[in-house]
Every structure is written in C-alpha cells, then in structure tokens.
Amino acid sequence: MTTAAKGGVAYRDLYNKVDFELEETIGEDLQNSQELKSKIESFETRKLKNVLTTIKPSEYTKKRRLMFFLIHMELSKRGLAPYWRGSQRVLGVKARMGRELTDEEKRFAKDCQMADMEWIHSQYHGHKTNAEWQDMYKKIFIEKAFNFTRANIIASAEFKLDSKIKGLKLIKDMQQELFVFRSDSVRKERLKIKSTLESVDDDLVQASYRNRRRGAKLRDNLDVRLLQWECLLLVENLSLIRMCEMYKKMTGDDMHPSTFTTKLASTNKALNEVSSSHGY
C-alpha cells in the first residue's frame, strides 16, 4: 500500500477507493468570477431556481459548472436547502437502460454531493465527522472557508452513499434537507410524504370548489399551503419555531409564526370541511 505526503494529508490508496491527490480548481474559479457572482446575487430566488433547473447533467460544461456552484452557494446564503432547489438529477441505472454515465454526468453527480456538503458547512458549521479512512472527512465542516478540494475527494471516493452519510455523521434532520445524502429510510419516508401531500392537494382543491366564497383564494396560494403541510409532516414535535425554520429552508423566505399559525389553521379548516383524513 503506497504512502506519501501532500498538503498535510497522508495519501493511501485505500484499496483504490480514494484518491487523496485529486486536484480541484472550482474554488479558484469561483474566486475569479466576482462579476458573475454579483449578478447572481441580484437575482430573485425564483429566478435562481429556474436557472438551476436548466443545467443538464448531459450538457455539464465548465461554464455551467461555475454557474451551478455560484447559484447553490447563493441559495445557501438565503437559507434554501438543496432538496428544494429544483436541481436536475442524474438518471438511475434502470432509467438509463444500462447506458454508462458520460464524464459530464459523472461530474454533475459528484458536484451534487459537493453542493450538499457546502450546505452543511454553511448551516451547521463546526459539525464534526467520523475519523476514518485516513481522516478523509476531517474538518470538512470545520474550516472557515469551504474546502472544495476535500469535498471533491469525498464526492469522488468510491464508497456507497450510506458509508459517506455515516462518515459525515449526517443525522436524519440534516438528510431531510439534502439532495443526495439521504439514507434508504429517509428516502422511503420522503416518498410517503410526497404521497400524502398529493392527497392533501386533491382534498384542498375539492374544498376550494365546495366553498365558493374563498375557493379562488385557496387555489391561488395552494403551493404555500402544501409547503406548510410538509413542514407539519417533517417536524416531529410540531414545534412552531421549527416549522417556521423548515419553511425558510424550503423557500428561502421567512414567515412570522403568527402568520404560519393562521394559514395552517385555515388549511386545516378547509380539509375538515371535506372530511379529509389529513385534518387534525
């Protein structure tokens, strides 16, 4: 097993699963893109999300990679978590019908992992990781500036996702906010939540037509009501403060607790009017 020293990190091939000498220049590229960064900072959150949805894994050029990270980092500053940013996903094996990933798709998949790590660094700074695999995960969330080189080493490591989640010590609440780093149990829970929200959506539409007086208003802000209901499903102890914090992570926008309570009660009333099984 080969060993050498570079950048304070001991290199060890770790059964050819990790390359500690892997180089990454995106951090420098971002530093040299202040004009584009300033332009992105002027965009509304909705526009940033719309642009992000246009960045395709199959057409992931160097220029689009730069845009990808600038947008993700700006959304982190605004408190909008990766899961709700609307980024495209690399197709799974079945969807690709056995086709191998292109180099662009592989890079995109790794960068999605890096975007998740950048979010944890920005929102949970100081979070400690496991000391394993030659300290591969060490200090990724502790250093003052996000270390793109170390993040790329982690993203490029040929480990299963669950192994990386364990190494990064990502608890369930953190995983709920992430785009890639989610365990099977969290993914299954997310599918259940998605199914529940679809049913709530149907019931609210039914309620909007049954109560003509406020039906149009109910339909106009249906997206906000569904996001609030998602907060209700995600926050286990139904803490109002935590639900408002979760709403911020879903949208990047603040909502005052009193407003949140009023809107949630209104949604619940509408559900109960159609005898929905989701009302409380």
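The values are calculated or read from the model by the stated rules, or taken from the named source; none is laboratory data. Bear in mind that the values here come from a model prediction, so they are computed numbers and not experimental data. Every residue, glycine among them, receives a Cβ derived from its backbone with ideal geometry; neighbour counts consider all protein chains shown.
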Open item on the list: I'm trying to understand the selection: among the residues of the stretch 1-56, which are loosely packed, with under 15 Cβ neighbours inside 10 Å, β-branched (Val, Ile, Thr), at pLDDT 95 or above and not in a helix (DSSP H, G or I)?
Closed with: Thr54
- [ ] Among the residues of the stretch 240-278, count how many are polar (S, T, N, Q) and under 24 Å from Phe179 (Cα atoms).
- [x] 1
Task: Where a residue in the stretch 123-145 is without any contact (Cβ under 8 Å) to a residue 12 or more places away in the chain and its partner, wherever it lies, is aromatic (Phe, Trp, Tyr) and surrounded by 15 or more Cβ atoms within 10 Å (Cβ to Cβ), with Cβ under 8 Å and at least six apart - done: Ala131/Tyr137
Open item on the list: Suppose we filter Asp254, Asp223 for residues that are in contact with a helix residue (DSSP H, G or I) (Cβ under 7 Å, 6 or more places away or on another chain) and free of Cβ contacts under 8 Å to residues at least 12 places away in the same chain; which single one remains?
Closed with: Asp254
TODO: Filter the stretch 92-120 down to residues that are in contact with a helix residue (DSSP H, G or I) (Cβ under 8 Å, 6 or more places away or on another chain) and part of a loop (DSSP other than H, G, I, E, B) and give me whichever is nearest to Gln176 (Cα to Cα).
DONE: Leu101
Open item on the list: Restricting to the stretch 194-232, name every residue that is loosely packed, with under 15 Cβ neighbours inside 10 Å and closer than 18 Å to Gln175 by Cα.
Closed with: Lys194
- [ ] Please work out which one of (1) within 27 Å of Thr251 (Cβ to Cβ); (2) hydroxyl-bearing (Ser, Thr, Tyr); (3) touching a residue at least 12 places away in the same chain (Cβ under 8 Å) is the condition Thr102 fails and give its number.
- [x] (1)
- [ ] Could you please let me know if Asp253 is surrounded by fewer than 16 Cβ atoms within 10 Å (Cβ to Cβ), assigned to a loop (DSSP other than H, G, I, E, B) and not hydroxyl-bearing (Ser, Thr, Tyr)?
- [x] yes
Task: Matching residues in the stretch 131-184 - criterion: being part of a helix (DSSP H, G or I), small (Gly, Ala, Ser) and surrounded by fewer than 20 Cβ atoms within 10 Å (Cβ to Cβ) - done: Ser156, Ser163
